[in-house]
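A.B. asks: Input: one structure, supplied below.
The values are calculated or read from the model by the stated rules, or taken from the named source; none is laboratory data. What you see is a predicted model, and the numbers here were worked out from it, not measured in a lab. Every residue, glycine among them, receives a Cβ derived from its backbone with ideal geometry; neighbour counts consider all protein chains shown.
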There are 2 protein chains.
Amino acid sequence: MAITIKDIARAAGVSYSTVSKALNDSPLVQPKTKEKIHQVARKMGYEPNFAAQQLVSKQSKTIGLIWPTLERTAYSTLVTQLNNEIKKQGFSMILSVNPADSSLELFKRCHVDGAIIFDEGNSVPSPITAPFPVVSYGAGWQDHFSLIDVNYQAAMFKAVDYLQQLGHHSITFIGDFSPLDSHQKEKYIGFQQAMNHFNLPVHQQSFINSAGLEWYDGYQATKRMLQGSSRPSAVVGASYDISAGVVRAIRETNLIIPKDISIVGYDNIPQMSTLEVPLTSVGVPVELIAEQIVSLLFKQLETDSAEQVTKKLEPVLTERNSCARVNNP
Amino acid sequence: MAITIKDIARAAGVSYSTVSKALNDSPLVQPKTKEKIHQVARKMGYEPNFAAQQLVSKQSKTIGLIWPTLERTAYSTLVTQLNNEIKKQGFSMILSVNPADSSLELFKRCHVDGAIIFDEGNSVPSPITAPFPVVSYGAGWQDHFSLIDVNYQAAMFKAVDYLQQLGHHSITFIGDFSPLDSHQKEKYIGFQQAMNHFNLPVHQQSFINSAGLEWYDGYQATKRMLQGSSRPSAVVGASYDISAGVVRAIRETNLIIPKDISIVGYDNIPQMSTLEVPLTSVGVPVELIAEQIVSLLFKQLETDSAEQVTKKLEPVLTERNSCARVNNP
DNA sequence: TAATATAATAACAACGTTGTTATTTTAAAG
DNA sequence: CTTTAAAATAACAACGTTGTTATTATATTA
């Protein structure tokens with residue numbers, strides 16, 4: 001049986017309510033007694049009973065994270081960041097890999113103070129609610145929860161803008177054209193609009209469908225592109241994995257990045273620097289995403305507002321070593 | 001404020017203790033009243049307070065999983081399986097991505113009934129304990145917790161045995177030779193012993209160091225191998241990712257699997273079937289690993305024994321479509 | 001030295017459950 | 001109709017905390 005404050009009270013010769021106050025550093029108890037109680041508690045190896053604290057305080061100091069698509073490894077950095085960010089607030093994070101509805105059920109029972117959802121939500125038809133604030137990342141739950149989103153179109157605009165400033169005219173977009181993926185679609189549209197805006201030539205070969213998000217998909221798409229008649233001077237990769245494939249395919253063809261061809265990737269994650277060629281990329285830095293998600297969640301937690309906020313984050317371009325100025329005019 | 005059994009009692013015109021019994025399907029309450037109480041509870045949207053239940057029952061019906069190395073994606077299938085297996089027992093799983101010691105701290109506060117650790121544990125010097133049973137997967141915590149391990153040597157033996165039965169003599173092992181990775185080392189040794197056992201020729205080129213666990217590592221290692229003078233008739237890949245790289249490198253060289261070259265991969269995970277070529281592989285099926293971890297944990301939970309058990313699982317070979325009989329004698 | 005203010009501690013209710021014990025209601029038997 | 005047994009329900013303590021209120025000990029003032 002675990003040690004309780006009553007055990008400590010008995011051992012220290014005081015009442016258990018005094019022990020409670022002492023351990024919570026209340027000013028209502030004499031420094032001397034406080035010190036003694038702390039000592040006894042430490043010696044007896046006291047661990048507060050979380051269930052009891054929760055029952056009376058109605059707070060668990062825990063945030064639940066719902067991540068049913070474990071396989072999407074792109075999120076793993078974000079998860080780690082979120083964990084840190086939540087820890088900073090003195091809270092703990094627990095993770096559930098179940099679908100949103102049953103995860104929320106679990107979290108209700110665990111009495112988390114708030115939750116974060118990664119799930120795209122396309123699979124759940126019935127409206128679900130939670131008795132605590134929920135922030136979702138990515139689209140899908142707009143009707144139910146607050147949302148942190150990314151301005152993908154702006155991201156592609158920045159990529160194209162940057163490349164045209166370096167003198168590039170012939171730019172190819174490599175991404176997954178699956179109609180189900182709204183993020184990919186937005187990137188596609190953003191690229192197209194940017195090309196039009198800068199009066200850059202757009203034709204069939206300006207868009208290459210990787211037909212998948214894994215890096216072998218980007219790899220194969222790039223091989224196909226390089227076998228074609230005309231080679232662009234720059235490529236925009238629509239995700240980290242796809243861009244990694246692009247890099248490998250290009251290097252295997254004995255072309256040099258960025259001398260022969262420039263690349264801008266999407267996703268502003270640290271891994272971009274550890275590719276064979278550190279990749280210049282656009283995207284919202286994960287630290288920022290994590291910080292925004294957590295701060296929105298805690299704001300809702302403090303103000304106790306059930307209001308549903310949507311916030312679109314602006315991407316930034318991070319220069320690394322994969323783009324060069326085009327010399328021939 | 002959430003609905004409690006007292007609210008239900010008032011609404012149904014009975015005492016709250018009767019409500020408690022009715023909701024727990026106790027035989028001490030009349031079926032008729034039971035039915036009525038259930039109806040009222042449902043209508044009022046009652047959700048039991050977990051903290052209160054926990055406080056009195058001393059059970060949380062929750063298992064904690066510690067997985068600090070989120071980046072190791074090979075575990076993700078296992079995590080999903082564990083989740084299912086735990087759900088089957090009527091328990092829930094929560095996940096922590098913090099290091100083992102602070103995760104256990106969190107789990108103590110959440111009052112989980114048991115925990116599973118993936119962490120290799122090479123980073124934690126101080127002995128740590130937990131007030132609940134803990135099962136670890138992979139090596140490292142032998143001194144503290146029960147362990148589910150895999151007989152990697154037997155796995156390699158089975159791979160070689162299978163290939164030699166098909167008539168292969170020239171077999172190459174591709175894996176990571178990092179001295180830090182005890183699993184990889186065991187596979188290496190197992191392969192070597194098996195080759196000796198069957199009197200198969202072993203030379204320098206029989207072992208190729210991928211110097212990494214990602215599939216590009218296996219890819220490059222294979223390319224190097226294929227550029228060499230003599231080509232083996234079969235390859236053993238030391239992990240899923242490495243084997244995936246092997247497959248891609250071989251196919252790009254316009255060799256046909258398994259006509260020109262046979263492959264056996266390590267890791268018996270479903271993804272093996274979805275590679276370009278469904279890969280014959282050795283390893284303990286993830287479902288079995290998950291089942292073993294969970295059943296060991298629950299056995300300890302039931303018997304309340306702090307005894308530290310170690311169990312080594314025997315791998316099996318699953319035939320798919322990557323191996324062929326060698327015709328020339 | 002008694003009256004009063006203040007600091008320190010103790011006592012106790014509450015949180016929402018479960019399990020045990022006490023009471024009431026109902027049915028069966030004489 | 002009582003008396004007795006059984007079934008159904010109600011009452012209540014307990015779980016380990018926290019916060020509020022009541023009590024005691026100590027210091028201050030007249």
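A.B. asks: Being over 22 Å from A:Ala130 (Cβ atoms) and within 9 Å of DNA strand C (Cβ to nearest atom) is the filter here; which residues of the range B:24-51 pass it? Steps first, please.
C.D. replies: Initial filter on the range B:24-51 (over 22 Å from A:Ala130 (Cβ atoms)): B:24-40.
Of everything in the range B:24-51, those that are over 22 Å from A:Ala130 (Cβ atoms) and within 9 Å of DNA strand C (Cβ to nearest atom) turn out to be B:Asn24, B:Ser26, B:Leu28.
A.B. asks: Report the residue count in the range A:94-129 for those that are polar (S, T, N, Q), at pLDDT 80 or above and in a loop (DSSP other than H, G, I, E, B).
C.D. replies: Step one: filter the range A:94-129 for residues polar (S, T, N, Q), giving A:96, A:98, A:102-103, A:122-123, A:126, A:129.
Then drop every residue that is not at pLDDT 80 or above, which leaves A:96, A:98, A:102-103.
Okay, now just the ones that are also in a loop (DSSP other than H, G, I, E, B), so A:98.
Matching residues across the range A:94-129 total 1.
A.B. asks: Of all residues in the range B:83-106, how many are aliphatic (A, V, I, L, M) and either more than 20 Å from B:Ile148 (Cα to Cα) or facing another protein chain (nearest Cβ under 9 Å) (or both)?
C.D. replies: 5
A.B. asks: Being in contact with a Leu (Cβ under 8 Å, 6 or more places away or on another chain) and either at pLDDT below 95 or farther than 17 Å from A:His183 by Cβ (or both) narrows it down to one of A:Ile293, A:Ile256, A:Ile261, so name that one. Walk me through how you get there before you give the answer.
C.D. replies: On the way: A:Ile293 fails: either at pLDDT below 95 or farther than 17 Å from A:His183 by Cβ (or both); A:Ile256 fails: in contact with a Leu (Cβ under 8 Å, 6 or more places away or on another chain).
Only one candidate passes the filter, namely A:Ile261.
A.B. asks: Are any residues in the range A:259-291 small (Gly, Ala, Ser) and within 12 Å of A:Leu78 (Cβ to Cβ), and if so, which ones?
C.D. replies: The answer is A:Gly283, A:Ala290.
A.B. asks: Next up: Across the range A:188-221, what is the number of residues that are modelled with pLDDT under 95, polar (S, T, N, Q) and within 17 Å of A:Gln153 (Cβ to Cβ)?
C.D. replies: Qualifying residue count for the region: 1.
A.B. asks: So, in the range B:264-286, how many residues would count as being modelled with pLDDT of 90 or more and more than 18 Å from B:Lys158 (Cα to Cα)?
C.D. replies: Within the range B:264-286, residues that are modelled with pLDDT of 90 or more and more than 18 Å from B:Lys158 (Cα to Cα) number 1.
A.B. asks: Sticking with this structure for a sec: Can you tell me which residue is farthest from DNA strand C (Cβ to nearest atom) among those in the range A:1-10 that are at pLDDT 90 or above and surrounded by 15 or more Cβ atoms within 10 Å (Cβ to Cβ)?
C.D. replies: Ranking the qualifying residues of the range A:1-10, first place goes to A:Asp7.
A.B. asks: Would it be correct to say that B:Lys58 is more than 30 Å from B:Gly283 (Cα to Cα), facing another protein chain (nearest Cβ under 8 Å), basic (Lys, Arg) and within 16 Å of DNA strand D (Cβ to nearest atom)?
C.D. replies: Answer is no for this residue.
A.B. asks: Is there any pair linking a residue in the range B:65-79 that is over 15 Å from A:Asn98 (Cβ atoms) to one that is at pLDDT below 70 and among the β-branched types (Val, Ile, Thr), with Cβ under 6 Å and at least six apart or on different chains, and which?
C.D. replies: B:Thr73/A:Thr73
A.B. asks: Kindly evaluate A:Pro68 against the criterion of being within 22 Å of A:Ser92 (Cβ to Cβ) and within 31 Å of the chain's Cα centre (by Cα). Break it down into steps so the answer makes sense when it comes.
C.D. replies: Numbers: within 22 Å of A:Ser92 (Cβ to Cβ): yes; within 31 Å of the chain's Cα centre (by Cα): yes.
The answer is yes for A:Pro68.
A.B. asks: Another one. Please verify whether the range A:64-84 includes one or more residues that are hydroxyl-bearing (Ser, Thr, Tyr) and within 16 Å of DNA strand D (Cβ to nearest atom).
C.D. replies: So far as the range A:64-84 goes, no, none of its residues is hydroxyl-bearing (Ser, Thr, Tyr) and within 16 Å of DNA strand D (Cβ to nearest atom).
A.B. asks: Please go through the range A:42-54 and give me each residue that is within 12 Å of DNA strand D (Cβ to nearest atom) and over 40 Å from the mean Cα position of the chain (by Cα), ordered by number.
C.D. replies: Taking the range A:42-54 and keeping what is within 12 Å of DNA strand D (Cβ to nearest atom), we get A:44-54.
Selection gives A:Met44 alone.
A.B. asks: Please go through the range B:65-113 and give me each residue that is among the small types (Gly, Ala, Ser) and surrounded by fewer than 17 Cβ atoms within 10 Å (Cβ to Cβ), ordered by number.
C.D. replies: Passing the criteria: B:Ala74, B:Gly90, B:Ser102.
Table: residues versus (1) in the same structural domain as A:His111 (by TED's automatic domain parsing); (2) of a type outside the set (Val, Ile, Thr); (3) more than 23 Å from the chain's Cα centre (by Cα).
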{"position": "A:Ala221", "(1), (2), (3)": "no, yes, yes"}
{"position": "A:Gly245", "(1), (2), (3)": "no, yes, no"}
{"position": "A:Met272", "(1), (2), (3)": "no, yes, no"}
{"position": "A:Glu291", "(1), (2), (3)": "yes, yes, no"}
{"position": "A:Leu296", "(1), (2), (3)": "yes, yes, no"}
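A.B. asks: Against the definition (closer than 24 Å to A:Leu55 by Cα and within 12 Å of DNA strand C (Cβ to nearest atom)), how does B:Ser15 come out, yes or no?
C.D. replies: For B:Ser15, the condition - closer than 24 Å to A:Leu55 by Cα and within 12 Å of DNA strand C (Cβ to nearest atom) - is met.
A.B. asks: Return only the number of the condition from (1) within 30 Å of A:Asp241 (Cα to Cα); (2) hydroxyl-bearing (Ser, Thr, Tyr); (3) within 16 Å of DNA strand C (Cβ to nearest atom) that A:Thr80 does not satisfy.
C.D. replies: Among (1) within 30 Å of A:Asp241 (Cα to Cα); (2) hydroxyl-bearing (Ser, Thr, Tyr); (3) within 16 Å of DNA strand C (Cβ to nearest atom), the lone unmet condition for A:Thr80 is (3).
A.B. asks: Please verify whether the range B:170-187 includes one or more residues that are in contact with an Asp or Glu (Cβ under 9 Å, 6 or more places away or on another chain), at pLDDT below 95 and within 14 Å of another protein chain (Cβ to nearest Cβ).
C.D. replies: Scanning the range B:170-187 turns up no residue that is in contact with an Asp or Glu (Cβ under 9 Å, 6 or more places away or on another chain), at pLDDT below 95 and within 14 Å of another protein chain (Cβ to nearest Cβ).
A.B. asks: For a quick check of your reading: which strands (runs of 3 or more DSSP E) sit entirely within the range B:259-329 and have at least 2 residues that are within 30 Å of B:Ala249 (Cα to Cα)?
C.D. replies: B:262-266, B:281-283, B:316-318
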